[in-house]
Every structure is written in C-alpha cells, then in structure tokens.
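Here's the structure, in structure tokens; my notes come after.
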2 protein chains.
Amino acid sequence: MAIIVDKEEKRRLIALSCKGLLLENGIKNITVAQIAKAANIGKGTIYEYFANKDEIVFEIIMLFVEQIQDDLLIAINNNNTLSCREKMEYFMMLVFSEAYKKEFSIYKEFLSIALCSATPDTVAFRVNCHNSFEVILETIINQGIENDELHQNAIAMIPMIRYFHTGLIVDVSIGRVNAHMEIGSFINSIFGNIIYGENR
Amino acid sequence: MAIIVDKEEKRRLIALSCKGLLLENGIKNITVAQIAKAANIGKGTIYEYFANKDEIVFEIIMLFVEQIQDDLLIAINNNNTLSCREKMEYFMMLVFSEAYKKEFSIYKEFLSIALCSATPDTVAFRVNCHNSFEVILETIINQGIENDELHQNAIAMIPMIRYFHTGLIVDVSIGRVNAHMEIGSFINSIFGNIIYGENR
DNA sequence: AATAATTGACTGACGGTCGGTCAAGTAAAG
DNA sequence: CTTTACTTGACCGACCGTCAGTCAATTATT
C-alpha cells in the first residue's frame, strides 16, 4: 500500500491556498487552472479531491463562514458588556461591515449560482451554513430571555430573522438599501418598541 | 437606404420567442445557439440586439414580471370577501402557489442574474418590483388598520415584510423550506398571537 | 511488482466576434 | 419612367478563445 492522503485535510489545504485568489477575483473570474497553480498542484489533482469547481468554491466559502463564526463567538462570549440587543445588532451587521466586504461579495455570488442551479449539494451546503448561524443566534436570544430583554417566544422567531437577513442581503446587493438602518429598525421591532421605518 | 428595424420591438420579439425555452431549462441550461434557433435568426444577429446572454434573459424576465404585478393586483382586488389577514396570507403565498410555478422560476432566475451583475437597469427594475409589492401590501394593511385587525404602526413594517418575503423566496429555492408553513407562522406573529414556529 | 498519487495535454462545449452577403432603398443617367 | 450604380444596415454562421473536466502516462511509495 502506498501512502493514503487524508482527503479531507488535503481539501482544506487546497481551499486555504487559494482563498485569496477567490476573494480577489470572484467565483466567475477564477479558473480551475489558477486554483491548481495557487495550490501548487496539477489541475488533474484538483479533481481527485473535488467533484467540480463549485465544490472547491464551497470549501473556500466554508472557511469564510468559520472565520465569521469565530468572530461572532468571540464577540458574544468574551464581551459581557454588550446587551443582548447590541449583540444581535452586531450579529446581523457583521456581514455588511467593511471588514467582510469581499466575503460578502463572494457569498452574493454563491447565492447567484445556487439560485439557478440548486443541486442537492448546493442546498445541503446552504442549509449547513444556516445551521451554523442559527446556533449563534439561539445563544444570543437565550441570553436575552434570561435577562428579560426578550420574551420567551423570541426563540421561535429565529427562522423569521434568518429570512429577513437573507432578504436584506439580496436587497443590499440589488436594491438601494442601507443595511444599518434596516437592521436598526428591525431590531427595534423585535425588542418591543416598534418604531420600524420611523426615519426612512 | 436600407430597412431600419425597431430595435426595441425586435428585442421583445426575440425575447418572446424563447420564453418557453427559458422556462423549460433555466438560464444555465440554454445556449445562445438555442435561443437563436428558437427566434429563427442567426446567432450573430442576437448580438445586434443584446450585449450578452444575460441581457436576453433579463428582457424576457421584464416582460414576465410586469404581467405578474398586474395579476397580483387583480387577484387581491377580486377577493374582497377576505379579511385583511387572509388577504395578506393569500398575497404572500401567491408566488409560491402551483399556479405561479413558472413565474416563480423566472423571478428566481432574475435574482440570480441581478445578484452578480447589478447594472443600473437591473437595480432600477428591482426597485420597481419593490414598489409594486409595497403598494399592494400597503393597501392590505390599511384595510387591516381600519377594521382594527392591525395596530397603526403595522404600516411601518412593510419593508421588513418585504425582506422576509425575499428571503423566503431564496430559501424556498435553495433551502429545505415550506413556504406555506413559514408564512403562516409569520402572519401569526404579525397579527399579535406570536406562535411563530410553534409547529416546526 | 503493485498500487496510490499526480500530472498536463487534450477535448468538447459554449459565449462572443467578424468578414462578408444580401435585400431594400436612393439617386443619377438615359 | 427605366435602368444602372451605389449605399446601408440587417443578417449570418464559420471561427476564435476560454475553460471545466478527462485520461493516459508517469512518478512515488511500500
């Protein structure tokens, strides 16, 4: 028997080595040849570890998701000066922030691809992303319920919050919308004092 | 002098003649060659009227969506026996209904194109879609306020409702989500008895 | 010797381009 | 009024460049 490489590990390595490439050029503008070069392997080798180009992109996006998750977790757990409300705002604004501008743009492209070719793999990947975020949202909301910032049943609003957020991502990309303002209004309505849209 | 064709008219004609093709296969699975064949013109001629493939699809979509908007308005007005709550549910569900399957699919394709090429045209068009949506929603909500089904400030929730709806369109397309159930829960939460997600 | 891993030349499909043809219109000449 | 020469824009499809994905050949490991 020859060496058996850890496929999962190698996938990650390939993804890591072309993360920058993707951020810089976008999904549509990178080629598999470029990816192979950046990873210092032959193009054929790529296909030993990924079924197709989309899979590579997913793997890289997963890296971004993990990074954002870490960012969020730190903000939520190590920052007890923040109220639940502030944490929620931070949570919802993060992807729209300047710091994640490039990642946002890639995610947008991902949505675009997924919308017109929703293969089982794509769907599974997206559901996976959701779940990661819902876990964090749940933590925030539970904290809010504990210290009476939120009503018990706020936990049931998680999917609705996610739909809102997805819709906002779309509209910030396509429409003429200010994410910060919309999120502010939304959070106000969630936290009781419904002044949503007051200053539109 | 040679003949001068009405470019705008011809664009429409080309778009119309490959409407079925788009509905049947989706943008990703049709080729420009196919479009040309369906329109009974040469491939090169296509590019006399459109800058690229996306533009063709966009033209088709514009034709479609205009019609959908009219339909929606009529559908809402023809159902005056319904309560505000029922109207709202009806309105939000409409695009997810079996009857609007094709239209839903087209709108999905539009979102896909717009997400990765937000030209002034696409943005303007989408803003236009928003406005139509909001106008209809406003009518429904005003009725609800009049007959005490809804609180005054419900009108301020219109943008939020729209984001929710857009997010739902995306998630129904890419995720594993039941539109009817989510809309039911959402409407419950809007109309006061927050049992959102009760039976998820 | 056997098997795993790697590779880059190759292929087929597709979006977009370009040189060229043609029908319809104009105008000068007869 | 015809005829002939000329102009123009619509139309075309062969061709081009690009790129995702394949595969036969090669190298590395045990």
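Distance between the modelled labels on A:Gln34 and B:Ala99, one decimal in nanometres: 4.7 nm (7 Å Cα→Cβ projection). Considering every alpha-carbon pair of the protein assembly as shown, the percent of pairs per 20 Å bin, from zero through the bin containing the longest distance, is 24, 53, 21, 2, 0. Normalised size of the stretch A:41-81, defined as Cα radius of gyration per 2.2 N^0.38 Å with N residues, equals 1.78. Between this copy and the others, label points of B:Arg12 are 5.8 nm apart in ascending order, each placed 7 angstrom from Cα in the Cβ direction.
The loop-placed trypsin sites (Lys or Arg not before Pro) in the stretch A:1-56, going by DSSP, that have at most 14 neighbouring Cβ atoms within 10 Å of their Cβ come out as A:Lys28. The GluC sites (Glu not before Pro) of the stretch A:93-200 that DSSP puts in a loop, and whose beta carbon has at most 13 other beta carbons within 10 Å, are A:Glu198.
Averaged over all directions, how much area does the convex hull of the C-alpha atoms of the stretch B:8-101 cover when projected, in nm²?
Values: hull surface 28.0 nm².
Spelled out: convex hull of the Cα atoms, projected over all directions, averaged, 7.0 nm².
For the residue pairs A:Lys108/B:Lys87; A:Lys102/B:Lys108; B:Lys53/B:Lys101; A:Lys28/B:Lys43; A:Lys53/B:Lys108, the C-alpha atoms sit more than 30 angstrom apart in A:Lys108/B:Lys87.
Placing a label point 7 Å from Cα along the Cα-to-Cβ direction at B:Val135 gives distances to the equivalent points in the other copies of 4.6 nm, listed shortest first.
At q = 0.18, 0.20, 0.23 Å⁻¹, what is the base-10 log of I(q)/I(0) for the stretch A:84-146 according to the Debye formula with one equal point scatterer per Cα and no solvent? Please give it to two decimals. Once normalised to I(0) and log-transformed, intensities are -0.79, -0.89, -1.00.
I need the chymotrypsin sites (Phe, Trp or Tyr not before Pro) found in the stretch A:91-141, filtered to DSSP loop residues with at most 14 other beta carbons within 10 Å of theirs.
none
Just to be sure I understand the rule: take each whole DSSP H helix in chain B, project its Cα atoms onto its long axis, keep it if the span is 20 Å or more and its mean Kyte-Doolittle hydropathy is at least 0.0. Which ones pass? Result, helices passing both filters: B:53-77, B:101-116, B:120-146, B:158-174. Inter-copy label distances at A:Ile155, shortest first and taken from points set 7 Å along Cα to Cβ: 3.8 nm. Each principal axis of the Cα atoms in the stretch B:53-190 has its own extent, and those three values, largest first, are 50, 29, 26 angstrom.
Each reported figure results from applying straightforward, stated rules to the coordinates on display, with no laboratory input. Just so it is clear, the structure is predicted and the values come from calculations on it, not from any experiment. Virtual Cβ from ideal backbone geometry, glycine too; neighbours counted across all protein chains shown.
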